[in-house]
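Presented below is the structure to which this report refers.
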Amino acid sequence: MHIPDGYLSPATCATLYVAAAPFWYIALQRVKRLLSTRLVPLLSLFAAFSFVIMMFNLPLPGGTTGHAVGMGIASIVLGPWASMLAVSVALLIQALFFGDGGITAFGANCFNMAIVGSLVAYWVYRAIAGRTAINSPRRVVAGAVAGYVAIHVAALLAAIEFGLQPMLFTDA
């Protein structure tokens, strides 16, 4: 589901960088307030987990790939704002060192997976789990549904972005 360089126009990439920037700023501010000796290792752990799970790519038609992201579990454990940062760091490392995704499409990838995916996973989990006990089976179901819905919403956003490109931008 990483969007590689060249799939989106520069205008779309710039727009999605601008759309992602306020979320990154708010996430940094909120995480800075909560920064403690407990949160730092968890952020690192979930960034690493997200990085590793994203390395298992499944080929999709059209030359791109799909994969798990880990934003559902990161959102449940860390909250949506810290999850945004952890997944964004994993996406940045993959784009820079492994060519998975692209630098110009980094804003789009982060918007789809790290930002929207984290928010959707958190809201779905909270809606289903409610205030049940921590060991309730309902929480397990809520986590599974949250991850499933979040990855599909992120994939839908990528599909919409791909679908809009031919209508907005064409070669001479």
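The values are calculated or read from the model by the stated rules, or taken from the named source; none is laboratory data. Quantities reported herein were computed from a predicted structural model and do not represent experimental measurements. Don't worry about glycine lacking a Cβ; one is built from the backbone with ideal geometry, like all the others, and counts go over all protein chains shown. Areas reflect the complete protein model, heavy atoms only, side chains present, ligands, DNA and RNA absent. Shrake-Rupley method; radii C 1.70, N 1.55, O 1.52, S 1.80 Å.
For segment 1-105, what is the accessible area per residue in Å² when the probe is 1.4 Å?
52
Report, in degrees rounded to the nearest 10, the 0 to 90 angle that the Cα long axis of helix 10-34 makes with the longest principal axis of the chain.
Relative to the chain, helix 10-34 is tipped by roughly 20 degrees.
For the chain, report the convex hull volume of the alpha-carbon atoms normalised per residue, in Å³, without decimals.
118
Residue-wise, which Karplus ³J(HN,Hα) couplings in Hz belong to segment 151-158, taking 6.51 cos²θ - 1.76 cosθ + 1.60, θ = phi - 60°, and x for glycine or proline?
Each residue of segment 151-158 in turn: 5, 6, 5, 4, 5, 4, 4, 4 Hz.
Nearest 0.05, what FRET efficiency do Ser9 and Arg126 give at R0 = 41 Å with Cβ-Cβ as r?
0.70
Can you list the trypsin sites (Lys or Arg not before Pro) in segment 123-172 that are in a DSSP coil and have 14 or fewer other beta carbons within 10 angstrom?
Of the trypsin sites (Lys or Arg not before Pro), the ones in loops of segment 123-172 whose Cβ has at most 14 other Cβ atoms within 10 Å are Arg131.
At 222 nm, what helix-only mean residue ellipticity would the chain give, in deg cm²/dmol to the nearest 500, using -39500 (n - 2.57) for each DSSP H run of four or more?
Using -39500 (n - 2.57) per qualifying helix, the result is -21500 deg cm²/dmol.
If you place +1 on the Cβ of every Lys and Arg and -1 on the Cβ of every Asp and Glu, how big does the dipole about the Cα centre of the chain come out, in debye to the nearest 20?
980
Carbon and sulfur atoms: what percent of the 1.4 Å accessible area of segment 10-168 do they account for? Display every interim value, and only then the final one.
Numbers: 6250 of 8260 Å².
Within segment 10-168, the accessible surface is 76 percent carbon and sulfur.
Can you tell which of Val31, Val52, Val40 shows the greatest fluctuation in a Gaussian network model of the chain with Cα springs below 10 Å?
The residue that fluctuates most here is Val40.
I'd like the accessible area for Tyr25: 1.4 Å probe, protein heavy atoms, all chains in place, Å² to the nearest 10.
In the full protein context, Tyr25 sits at about 140 Å².
Once amide H atoms are placed 1.01 Å from N in the peptide plane, what residues at a sequence separation of 5 or more from Gly66, or on another chain, have their amide H within under 5 Å of its amide H?
Leu58, Leu60
Tell me, what is the FRET efficiency for Ala19 and Ala144 to the nearest 0.05, using R0 = 30 angstrom and their Cβ-Cβ distance as r? Display every interim value, and only then the final one.
Numbers: r = 29 Å, r/R0 = 0.95.
The computed FRET efficiency comes out at 0.55.
If you keep only loop residues by DSSP, which trypsin sites (Lys or Arg not before Pro) in segment 27-122 have at most 16 other Cβ atoms within 10 Å of their Cβ?
Qualifying residues, ordered by number: Arg38.
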